[in-house]
Amino acid sequence: MKELYLTKKFESTAVNTFRLSDTPPIFVRGEGPWLFTEDNQKYLDLVCGSATTNLGHNHPSQKFAISEALKSGIFHTGTRLISPLRSELYSSLSHFLGLEDISIHLANSGSEAIETAIKLSRFLSGNERIIAFEGGYHGRTLGALSVTHSEKIRLPFIGKIGDFVSFSQYPRDNTEVDMCLEKCERQLNHYVKHDQPIAAILVEPIQGVSGVWGPYPAFLQGLEEIAKKNKSLLIVDEIWSGMGRSGKNFSYQYSNISPDLIVIGKGLSASLPLSAVIAKGDLLKRWGAGSHTSTFQGNPIACAAACATIKEIKDTDLVTHVNEIIEPCFSKFKKDLRNITTVKDVRFVGAQCAITFDNSDLANQIQNDTMEKAKILTYGGGMNGECVMVLPPINISGKILSTALTQLLELISEMSNHN
Ligand SMILES: Cc1ncc(COP(=O)(O)O)c(C=O)c1O
């Protein structure tokens, strides 16, 4: 197969193409939650390009918006020129957040948006140190990697450049909230005492990649208080859990807080590369022109896709769909898995579910079997790859999802009998 040969010959091995299989299926067409191979074999996509294609594939609203944008003949301008589609996105985002007094900076990937948030917080405060959290994932560029906790993915690349980050404990249930807040405050005071005040506290309101932890509303509220008291910014990373996936428009909304910076990506366009930092008030208007530019930021076609995605989430009330249709499927799934000994835990919030196994080998094996036998694509996550994660489009029908979960249940129990 030409595609397989060319990919194997040229592609950087740093990406995940051959992580599960040496001959992964090659998809040539997508429709809703389904992906199709050239010989028309149909797979259910419960990965969604890493929690991104929230409306599934080939969504008519996105397709129409992208086609209309293409008709203008302007595929790229950069931010030296005003773009009607970029300005429309600013307005859409403001309505979607329910916040009028905000400023917005667009970028191309989640990591780039995290870099932007770190850089802004350091510029505004004049301080360098960032507090991030154990289990947190924020991306792989050097700044974003510095605040990503996993030693396996961080240490080979980050030496002294990561010295500006301190990792604090993230609760694993509500009983740990007070202890984690105390630890965070103690850590912060330690650095203040040693003349290293904190620029920002950076947190995922729900930790996604590391296996769906949270939300812990009192933890977020406590962090907000600590940040305020110390004149540090509170940055919430909504790249994974935002845009409806958590069962709220944004997962920080479980906590009744008002973060200084909200970072989004993935489901913002739910298709083309686009991310954003949204700041309270004029925080993003205090740096000078050209302080932080990037050639492709605010690409008009990606902005058109994002406007269509936001409209679709609102018009079809997808957040209610997540809460009333998707979550109950996961709730039943968790009950069905309770007697399977190889399953250590099942956690879910909104349209994301993590099934924890003893080790990553077993989780990989289940993912592989699920792909080959049931033609269902699942995601590998967890602190050490020990989770199989189900990340459906947030508009998936209850029938398709529950059928897939039944198949997954059968495979997991069959596999458990052999282990
Ligand atoms: C919470 C969170 N932050 C940041 C990122 C990095 O985003 P990107 O892969 O678009 O750079 C991710 C990606 O999975 C994420 O889940």
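Quick note: the coordinates plus some simple rules give every number you see, no bench work behind them. In this text, all values refer to a predicted model and were calculated from it rather than measured experimentally. All Cβ positions, glycine included, derive from the backbone under ideal geometry; neighbour counts span all protein chains shown.
What to note about this one:
- Residue order, fewest to most surrounding Cβ atoms within 10 angstrom, among Thr148, Thr406: Thr406, Thr148
- About the centre of its Cα atoms, the chain shows a dipole size close to 680 debye [charges on the beta carbon of Lys, Arg (+1) and Asp, Glu (-1) only; nearest 20 debye].
- Spatial separation of Cα centroids for the stretch 177-235 and the stretch 69-84, in angstrom: 39 Å
- Selected from Phe348, Phe27, Phe219 as most flexible by GNM, with the chain as the system and alpha-carbon contacts under 10 Å: Phe27
- Inter-centroid distance (Cα atoms) of the stretch 250-318 relative to the stretch 1-51, Å: 28 Å
- Note on the chain: GNM, Cα springs under 10 Å; of Ser271, Ser232, Ser258, the largest mean-square fluctuation is that of Ser258.
- 10 Å Cβ shell holding at most 14 others, DSSP loop, trypsin sites (Lys or Arg not before Pro): longest site-free stretch of the chain: 81-230
- Highest to lowest packing among 202-211, 321-330, scored as the average C-beta count within 10 Å: 202-211, 321-330
- Once the Cα gyration tensor of the stretch 104-261 is diagonalised, semi-axes √(5λ) in Å: 20, 19, 16
- Placing a pseudo-label 7 Å from each Cα along the Cα-to-Cβ vector at Glu151 and Thr23 gives an inter-label distance of 4.0 nm.
- With kT/(6 pi eta Rh) evaluated at 4 °C and eta = 1.567 mPa s, and Rh the Kirkwood radius from Cα pairs, the stretch 318-363 diffuses with a coefficient of 114 µm²/s according to Stokes-Einstein.
- GluC sites (Glu not before Pro) within the stretch 68-164: DSSP coil, no more than 11 neighbouring Cβ in 10 Å: Glu100
- HN-Hα J in Hz across the stretch 273-286 - Karplus 6.51, -1.76, 1.60, θ = phi - 60°, x for Gly and Pro: x, 6, 8, 7, 10, 10, 10, 5, x, 9, 3, 8, 10, 9
- Over the stretch 207-350, the pair-distance histogram of Cα-Cα distances with 10 Å bins from zero comes to 10, 31, 33, 19, 5, 1 percent, rounded to whole numbers.
- Three principal axis extents describe the C-alpha atoms of the stretch 56-95; from largest down they are 32, 28, 13 Å.
- Taking a straight line from the alpha carbon of Lys344, these aspartates and glutamates sit under 17 Å away, with near neighbours fewer than eight places off in the same chain left out: Asp173, Asp336, Asp358, Asp361, Glu386, Glu410, Glu414.
- Isotropically averaged projected area of the chain, using the convex hull of Cα atoms (one quarter of hull area), nm²: 20.7 nm²
- With 10 Å bins beginning at zero, the pair-distance distribution over Cα atoms of the stretch 146-222 amounts to 16, 44, 35, 5 %.
- The stretch 26-174 - Debye-derived log10 I(q)/I(0), Cα point model, q = 0.15, 0.16, 0.20, 0.21 Å⁻¹: -1.11, -1.16, -1.23, -1.25
- Computed over the stretch 256-328, the ratio Rg/Rh where both radii use C-alpha atoms and Rh is Kirkwood: 1.06
- Taking θ as phi - 60° and the Karplus parameters 6.51, -1.76 and 1.60, the scalar couplings of the stretch 322-334 work out to 4, 6, 8, 10, 6, 4, x, 4, 5, 5, 5, 4, 4 Hz in sequence order, x denoting glycine and proline.
- Leu233 long-range amide H proximity, modeled H, under 5 Å: Ala200, Ile201
- Under 5 Å, built H, 5+ apart or other chain: amide partners of Arg29: Phe36
- Given R0 = 30 Å, the distance between the Cβ atoms of His194 and Leu142 translates into a calculated FRET efficiency of 0.80.
- Shape class of the stretch 183-239 from the Cα gyration tensor (axes a ≥ b ≥ c, square roots of the eigenvalues): prolate, since a/c reaches 1.5 or more and a/b is larger than b/c.
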